[in-house]
Structure formats: structure tokens, C-alpha cells
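Asks: Take a look at this one; I'll ask things after.
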Amino acid sequence: MGYFAHETAVIDEGCQIGNGTKIWHFSHLMGGCKLGENCNLGQNVVVSPDVVLGNNVKVQNNVSIYTGVVCEDDVFLGPSMVFTNVTNPRSAVIRRGSYEKTVVGRGATIGANATVVCGNDIGHHAFVGAGSVVTKSIPAYALLVGNPARQIGWMSEYGHRLVFDESGVAACAESGDKYRLTNGIVERQG
């Protein structure tokens, strides 16, 4: 066993857990979920069947990750953020087996208490502000806030707001990496 699980964590049979992963108090991993290496799951986290978490995914306290969600490497899920997996739930109507897929791209951040409505993908290194409600797919590097979430800018891979000059180039304040904005698409240069 190359991972750590607190004694109060419940790990069902059939889970795949990568080396260096830490699972904290009162968390529950259901059979069939896959966690990569060096993930960190805070307390009271639920990971449902068939969920896939890449390497180095950080899940803060009180997050439920439902069937249909895939998080690529280096994703950050803030405290008490919410995923859904059915767009029209009804208690009396069983929709198991018709869960919608949501992919959270590499390096993306979803802030505390944000909600991601199922079927809406989040581009790599996108940044969803705390309390936002995502109701449509988000491009890579986009910065979104509000309810419903609306794009107000772009973020670097280090989590700094990008300010593009007249030629469509911006530099990250921390790393110095350069980014280019062309026709609504941001790409890191070099």
C-alpha cells in the first residue's frame, strides 16, 4: 500500500489509488474509482464509482465527486464545491446509468462553494472563482466568476490574471511565461 488513509476513511473494494496519495478523515472512496499519484483528499470527501482523478489532484474538505466526473492532473477542487451529474433530477425518477460526463482539464482550479452543472467541461488551467455556478463549458485559461459564471478575463498557469497588450501577448507576473490570445483562444508560448 503506497498511499495513506486515515483510520476513519472508508475505501471500498475495487478502488485504484496511486502512490503518495493521502485520504483524510471521514472520506469515502467507492468501488471502481481511480485516483492517481500524490493526490490529497481532505476530510469528508466522497468519490463515487468510476470517477477518475489524475496525478496531484487536490480535493479540499466536504467535496462530493459524482460518477461522470474526470479530473486531469494538477486539478484543485476548493472547499465545499459541488459537481452534479444529472441535469433534471427527480426523487421518483431513477436516472442511474444516464449520468452526464464532466471533464476538468489539467491544472484547472474550482474555488470554494462553486457549482459545476454536469455536461460542462472546464478547460485546462481555467480558474472558476469561489461561489460561481458553471452552466456552460469553459475554455482553457479562462477566469470565471458569478452566478451564472461569466468570463471576466484570463489566468496564467501560476494563477495570475493575464493582461494582454495590443499585439495579443501577456506575461505571467510570477513565472514570466508568455501567453498569446488569438481569436478568443489563449496559448502559452514556448
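The values are calculated or read from the model by the stated rules, or taken from the named source; none is laboratory data. Predicted, not measured: the structure shown is a model, and the values here were computed from it. Backbone-built Cβ (ideal geometry, glycine too); neighbour counts: all protein chains shown.
Asks: Could you count how many residues in segment 134-152 are surrounded by 14 or more Cβ atoms within 10 Å (Cβ to Cβ) and at positive phi?
Replies: 1
Asks: Right, another one. I'm told residue 31 meets every condition in (1) under 19 Å from the mean Cα position of the chain (by Cα); (2) surrounded by fewer than 17 Cβ atoms within 10 Å (Cβ to Cβ) except one. Can you identify the failing condition by its number?
Replies: For residue 31, the failing item is (1).
Asks: I'd like the full set of residues that are among the aliphatic types (A, V, I, L, M) and assigned to a loop (DSSP other than H, G, I, E, B), limited to segment 1-48.
Replies: Scanning segment 1-48 gives 1, 9, 30, 45.
Asks: Oh, and also: Scan 21, 87 and give me the residue that is more than 11 Å from the chain's Cα centre (by Cα), crowded, with 20+ Cβ neighbours inside 10 Å and either among the charged types (D, E, K, R) or assigned by TED's automatic domain parsing to the domain that holds residue 136 (or both).
Replies: That would be 21, the only listed residue that is more than 11 Å from the chain's Cα centre (by Cα), crowded, with 20+ Cβ neighbours inside 10 Å and either among the charged types (D, E, K, R) or assigned by TED's automatic domain parsing to the domain that holds residue 136 (or both).
Asks: Considering each residue of segment 112-126, count those that are surrounded by fewer than 19 Cβ atoms within 10 Å (Cβ to Cβ), within 17 Å of residue 78 (Cβ to Cβ) and small (Gly, Ala, Ser), and give that number.
Replies: Counting residues in segment 112-126 that are surrounded by fewer than 19 Cβ atoms within 10 Å (Cβ to Cβ), within 17 Å of residue 78 (Cβ to Cβ) and small (Gly, Ala, Ser) gives 1.
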